[in-house]
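Engineer: Following this message is one structure expressed as structure tokens.
The values are calculated or read from the model by the stated rules, or taken from the named source; none is laboratory data. These numbers were taken from a predicted model, which means no experiment stands behind them. Every residue, glycine among them, receives a Cβ derived from its backbone with ideal geometry; neighbour counts consider all protein chains shown.
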Amino acid sequence: MLLLKSKKSFFLFFVITFFVNYVTPFKFIAFSDTHIGRQVESGNNVAVEKLKLREPIIQEMKDDEEIKFALIVGDLVDHGWANPRFNCCGCCNLIDEWHDFEQQWVVPLISQIGASNVYLCAGNHEKILDYRKICRKSAYKKIEESTNGINYYFKTDGVFFLCCGIYPDFNTCLWLDDLLKWIGHRPVIIFFHYNIEGKYSDFWSDDEKNIFYNLIQKYNIKAIINGHVHKSSTYLWNKKIRVINVGGYNFTIFNYSDGKLTFERKS
Ligand SMILES: [Zn+2]
């Protein structure tokens with residue numbers, strides 16, 4: 001009788017544990033560095049080359065209903081030019097890169113997966129402004145004023161996605177610290193623009209990286225997703241945390257299933 005009771009208890013424990021921990025499998029797409037407004041970079045126009053990915057991305061979304069959302073991980077535009085503040089003078093070049101980015105990337109994606117499923121992340125190029133800044137609002141400011149803002153999180157089927165903007169600076173780490181304490185052991189995927197290792201990874205200091213690493217390493221971090229360098233790569237940071245760079249001339253489809261994150265590159 002006692003054995004029967006303990007078997008029932010075990011079964012109940014198993015069922016509760018299963019449903020508490022069970023996460024519906026899902027997919028998402030990530031890419032970065034669309035650089036709308038860029039003319040030529042080492043002989044090619046990165047903005048035009050990246051735009052060639054748009055139709056394959058939309059086709060993937062049409063073909064695969066498991067793809068729930070898209071992350072665009074920074075350097076969305078090239079000079080940070082958003083809408084003119086004044087229609088004042090002929091000296092302003094009135095190119096509105098932010099408007100062009102929305103028309104060329106956001107609107108087509110939204111028409112496929114819905115407005116709330118396109119997640120933007122700021123990059124350093126959203127802040128670049130030259131003499132034209134008198135006339136303009138930066139693209140960074142546009143993101144800052146958007147519904148999500150610069151640092152934000154969302155949850156999909158039990159997995160938390162944390163956006164740290166250009167990179168996890170001191171203030172972002174304060175935000176992360178509180179958020180991760182609340183999230184506890186639940187699965188987390190972090191995305192921000194700067195890469196951590198390799199070429200161009202010196203846009204943030206080793207001290208900043210160490211503070212960030214020490215903050216997150218005790219949590220259940222499934223991956224970090226970056227852009228910035230225009231080359232796709234993956235590595236284990238400090239032999240522990242999986243980092244996936246999505247800045248190359250391709251896009252990445254992630255698949256989260258049974259607590260594991262896998263991915264494949266497509267172009
Ligand atoms: Zn960048």
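Engineer: Those residues that are more than 16 Å from the ligand (Cβ to nearest atom) and either surrounded by 15 or more Cβ atoms within 10 Å (Cβ to Cβ) or under 21 Å from ASP207 (Cα atoms) (or both), I need them from the stretch 145-171; list them, please.
Structural biologist: Within the stretch 145-171, ASN148, ASN151, TYR152, TYR153, THR156, GLY158, VAL159, PHE160, PHE161, LEU162, PHE170, ASN171 qualify.
Engineer: Would you be able to say whether some residue in the stretch 85-101 is more than 14 Å from the ligand (Cβ to nearest atom), at pLDDT 95 or above, touching a Lys or Arg at 6+ places or on another chain (Cβ under 9 Å) and part of a loop (DSSP other than H, G, I, E, B)?
Structural biologist: So far as the stretch 85-101 goes, no, none of its residues is more than 14 Å from the ligand (Cβ to nearest atom), at pLDDT 95 or above, touching a Lys or Arg at 6+ places or on another chain (Cβ under 9 Å) and part of a loop (DSSP other than H, G, I, E, B).
Engineer: Right, next: What tally of residues in the stretch 232-249 results from selecting those that are farther than 13 Å from VAL73 by Cα and not in a strand (DSSP E or B)?
Structural biologist: Filtering the stretch 232-249 for residues farther than 13 Å from VAL73 by Cα gives 233-243, 249.
From the residues that got through so far, the ones that are not in a strand (DSSP E or B) too are 238-240, 249.
So the answer is 4.
Engineer: I would also like to ask the following. If I ask for residues that are within 16 Å of the ligand (Cβ to nearest atom), assigned to a loop (DSSP other than H, G, I, E, B) and either at pLDDT 90 or above or within 25 Å of SER138 (Cβ to Cβ) (or both), which ones from the stretch 28-69 would you list?
Structural biologist: Matches in the stretch 28-69: SER32, ASP33, THR34, HIS35, GLY37, ARG38.
Engineer: Just the residues that are closer than 22 Å to ILE225 by Cα and either more than 16 Å from the ligand (Cβ to nearest atom) or at pLDDT 90 or above (or both), please, taken from the stretch 115-138.
Structural biologist: Quick first cut of the stretch 115-138, residues closer than 22 Å to ILE225 by Cα only: 115-127.
Residues satisfying the conditions are ALA115, SER116, ASN117, VAL118, TYR119, LEU120, CYS121, ALA122, GLY123, ASN124, HIS125, GLU126.
Engineer: Would you be able to tell me the number of residues in the stretch 185-204 that are in a loop (DSSP other than H, G, I, E, B) and within 16 Å of the ligand (Cβ to nearest atom)?
Structural biologist: Final tally of qualifying residues: 10.
Engineer: OK, next. Looking at LYS181 and the list (1) more than 21 Å from LEU71 (Cα to Cα); (2) in contact (Cβ under 8 Å) with a residue 40 or more places away in the chain; (3) of a type in the set (Lys, Arg), which single condition is not satisfied?
Structural biologist: LYS181 satisfies all of (1) more than 21 Å from LEU71 (Cα to Cα); (2) in contact (Cβ under 8 Å) with a residue 40 or more places away in the chain; (3) of a type in the set (Lys, Arg) except (2).
Engineer: So which residues in the stretch 210-240 are basic (Lys, Arg) and within 16 Å of the ligand (Cβ to nearest atom), if there are any at all? Show your work before the answer.
Structural biologist: Looking only at the stretch 210-240, we keep the residues that are basic (Lys, Arg), and these are 218, 222, 231, 239-240.
The answer is LYS231, and nothing else.
Engineer: Tally up the residues in the stretch 175-186 that are over 16 Å from the mean Cα position of the chain (by Cα) and buried (at least 20 other Cβ atoms within 10 Å of the Cβ), please.
Structural biologist: The number of residues fulfilling the criteria is 1.
Engineer: Another one. Yes or no: the stretch 241-261 includes at least one residue that is of a type outside the set (Ser, Thr, Tyr), more than 16 Å from the ligand (Cβ to nearest atom) and farther than 29 Å from ASP64 by Cα.
Structural biologist: No, the stretch 241-261 has no match at all.
Engineer: Quick check: anything in the stretch 174-184 within 16 Å of the ligand (Cβ to nearest atom) and either touching a Ser or Thr at 6+ places or on another chain (Cβ under 7 Å) or not charged (D, E, K, R) (or both)?
Structural biologist: No, the stretch 174-184 contains no residue that is within 16 Å of the ligand (Cβ to nearest atom) and either touching a Ser or Thr at 6+ places or on another chain (Cβ under 7 Å) or not charged (D, E, K, R) (or both).
Engineer: I'd like to check something: does the stretch 199-217 contain any residue that is over 22 Å from ILE57 (Cα atoms), among the polar types (S, T, N, Q) and surrounded by 15 or more Cβ atoms within 10 Å (Cβ to Cβ)?
Structural biologist: yes
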